[in-house]
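All remarks here apply to the structure that follows.
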Amino acid sequence: MSLPAGTASDGGLPEPGQPELCQPEPGREWRGVVEWSCGSRERLIWRAERATLEPYRTEPEPAPVNYGCLPGLINPADAAEVDAVWLGEPLPTGTEIVAAPSGVLWLADGDHKVIFGDTSQVAGQTVGCVAALLAWFPASRGAQLRDAAQAQAWLARLSGEAPDGGPDSGPNFGQDWQGGLEQLGSSG
């Protein structure tokens, strides 16, 4: 399955307390590519114009999760492909995965990260899990976990598969998924 191109006019998740604007297709799968493997400092970048990965930079710290993007789907917050993370064991860079998201990491600046993988593993691990993902972001970015339905709704809006407005018929974006930062005990 390939990703639809295009963006919504606003592209962001509603602010906490604001209603959802569409009802996403449950279980919709999206294609992603791993640019940075969990545990590695070497980061690659997807170049859409060539449909390839190229060396980007060596990061000061290794990635706590597998990090990449959803090629062809643009986040207007940074005018780049939507960021994605894959929880679990390290995946080689260049790995292409087609899967339904398990959640989204909502960030105050709009540069949200779509989450794939088992989100139930929150304790006892230092890499590849939700707790490691949350710890990666400083408190100033306002990281909040949102569920799969909220991830699907945001992706549907960005892809043009859902309207930018309309009656509230979806999940409440204002609620933190699984208690968010407080339940996981992350201080960011």
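The values are calculated or read from the model by the stated rules, or taken from the named source; none is laboratory data. Not measured: the values here are computed from a predicted model. Using ideal geometry, Cβ is built from the backbone for each residue, glycine included, and neighbour counts are taken over all protein chains shown.
Numbers at a glance
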read-out: Flag if Glu61 is surrounded by fewer than 20 Cβ atoms within 10 Å (Cβ to Cβ), of a type in the set (Asp, Glu) and closer than 19 Å to Arg41 by Cβ; value: yes
read-out: Hits in the stretch 1-60 (condition: at pLDDT 90 or above and under 24 Å from Arg146 (Cα atoms)); value: Arg28, Glu29, Trp30, Arg31, Gly32, Val33, Val34, Glu35, Trp36, Ser37, Cys38
read-out: Any hit, the stretch 106-119, residues being surrounded by fewer than 18 Cβ atoms within 10 Å (Cβ to Cβ) and of a type in the set (Val, Ile, Thr); value: no
read-out: Residue among Gly94, Gly88, Gly72 that alone is within 21 Å of Gly27 (Cα to Cα) and either basic (Lys, Arg) or part of a loop (DSSP other than H, G, I, E, B) (or both); value: Gly88
read-out: Residue check, Glu54 surrounded by fewer than 23 Cβ atoms within 10 Å (Cβ to Cβ) and free of Cβ contacts under 8 Å to residues at least 40 places away in the same chain; value: yes
